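Read the figures in this text as sums done on the coordinates, not as results from a lab. Everything quoted here is computed from the prediction, not taken from an experiment. Ideal geometry is used to build each Cβ from the backbone, glycine not excepted, and the neighbour counts take in all protein chains shown.
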Amino acid sequence: MDGDFRTQFVRDPAALKHYPALVLNADYRPLSYYPLSLWPWQEAIKAAVLDRVQIVAEYDAVVHSQRQAFRIPSVVVLKEFVKPQKRVAFTRFNLFLRDEFCCQYCGAKGDLTFDHVVPRSRGGVTSWENVVAACSPCNLRKGSKTLKQAGLSLRRPPRAPTAEEMQAHGRRFPPNHLHDSWMDFLYWDAELEA
C-alpha cells in the first residue's frame, strides 16, 4: 500500500467544507488531533472502493456514480496500521498549538505572530528552542532587542514538544465542526466515569 495515501492530510479547507470523513488508524484512534485527521468525502469513498479502509459511520447524504449510489462516509478506519510519527514538524500551526494559541509574553490570545527570543540579528536561529508565539504589540515592543532590554519575560521557556504533548494540546483545541458520528472516536477533554 502507498505510504503517502495513508499519511497525507488534505490541506485544502474548501474540500473539507462539506461531509468530511474522520480518518482513524487501524487501532480506532485518530491519525492526528493536530490537525484532526480528516479527508474530503471523495477520498473516503475512493479509499473504500479500493478496499483500503472500512466505513464505520455514514452521513445521510448519498452520491451517485453512473452505476452505483454511495452513502457518504463520516468515519473510516484504515485497514493497515500507520505507525504514529514521533517527530513534531516545526510549523507555524504547531508552534501556536505548543504555546496554546497564547502570547508567551503577556498571555493575550488572538492576533498572534511568532518571535525569535534571541533575535536573528543577534545570531538567534529559527528553532523550537528560540521561537515563541507572540501578539503583535509584544512582538513590536520587543523588536530586535533582548528580553531584558525590552522589559519582557517568557511565561515558559521554549522547547521542542513531544508528539504526545502535541496530541494532548490538540485535544484541548477541537476544530469548529465535530460531527455527531465522530464523538465515539474522539476524546476532547472527556471526563471519565469512576
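Which trypsin sites (Lys or Arg not before Pro) in the stretch 119-187 sit in a loop by DSSP (not H, G, I, E or B) and have at most 16 other Cβ atoms within 10 Å of their own Cβ?
LYS145, ARG155, ARG159
Rg(Cα) of the stretch 47-125 divided by 2.2 N^0.38 Å?
Compactness ratio reported: 1.89.
In whole Hz, with x marking every Gly and Pro, tabulate ³J(HN,Hα) for the stretch 162-169 from phi via Karplus 6.51 cos²θ - 1.76 cosθ + 1.60, θ = phi - 60°.
8, 4, 5, 4, 5, 4, 5, 4
Let me know the Rg and Dmax you get for the chain when you use only its Cα atoms, in Å.
My reading of the Cα-based Rg and Dmax gives 20.4, 70 Å.
How big is the stretch 104-185 along each principal axis, measuring the range of its Cα positions in Å and listing the largest first?
Principal-axis extents of the Cα atoms in the stretch 104-185, largest first: 52, 25, 18 Å.
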